[in-house]
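Data block below; observations after.
Read-outs throughout are calculated quantities, based only on the coordinates presented, and are distinct from any laboratory measurement. What you see is a predicted model, and the numbers here were worked out from it, not measured in a lab. Cβ: placed from backbone, ideal geometry, glycine included. Neighbour counts: every protein chain shown.
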Amino acid sequence: MSAFVIDAFEYSRHKERREGDIAVADLNRLAQESADRSGVLHWVLVGGTDSLGHPQLTMSVTGAIKIMCQRCLTPFAFDIDAESVLVLAKDEESADEIDALLDNDEIDVIVGTKSLNIIELIEDEALLALPLSPKHPVCPDQSALEGLKASKKESPFAMLKSLKN
Ligand SMILES: [Zn+2]
């Protein structure tokens, strides 16, 4: 896992960019929120500086995760498409100063470290993207559900067909 630990300040200074894929099942806190631990997330971490010269990291996470609908209690695929800008401060005191200076709710100021765990950043980003009370935009009705159960072993396309019929 050491490949996933970075010096946040060096990473920003060198404007490094890394990306990769990680299974939902490998992210314990996220897996607990998911219906079946399936799915893979793609992440991109880019280092740089903000307009005022503060070191910053931009973390993007995309992918689908199965979560339970709170209305009909069946799992559905939720698309995660999240991006956060994290400005790095040396300590809590300067974090507060930078936060007040930027005065921007869209930007998080965190205390940077020489051993920042990318996995935790990815997981935090994904967790923040999840709805508090997940629901289908439109819940499948019972007959469609029965159709899904009956055609479980068929291909996804066959399932689509049975939904249409
Ligand atoms: Zn539902």
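Just a few scattered comments:
- Amide H contacts under 5 Å for VAL111, placed H, 5+ residues apart: ALA89
- You can think of it this way: the chain between GLU93 and THR74 has 2.3 nm of extra reach, that is 0.36 nm per residue less the Cα-Cα gap.
- Modelled FRET efficiency - R0 41 Å, ALA64 with SER115, Cβ distances, 0.05 increments: 0.85
- Working note: Karplus 6.51/-1.76/1.60 with θ = phi - 60° gives the range 58-63 the couplings 10, 10, 10, 9, 10, x Hz, where Gly and Pro are set to x.
- Amide H within-cut-off set for SER38, under 5 Å, with H built and near neighbours excluded: LYS66
- By the beta-carbon count within 10 Å of each Cβ, the least crowded to most crowded order of MET59, MET68, fewest first, is MET68, MET59.
- The protection proxy used here, the mean number of other Cβ atoms lying within 10 Å of each residue, ranks peptides 110-120, 90-100 as follows, highest first: 110-120, 90-100.
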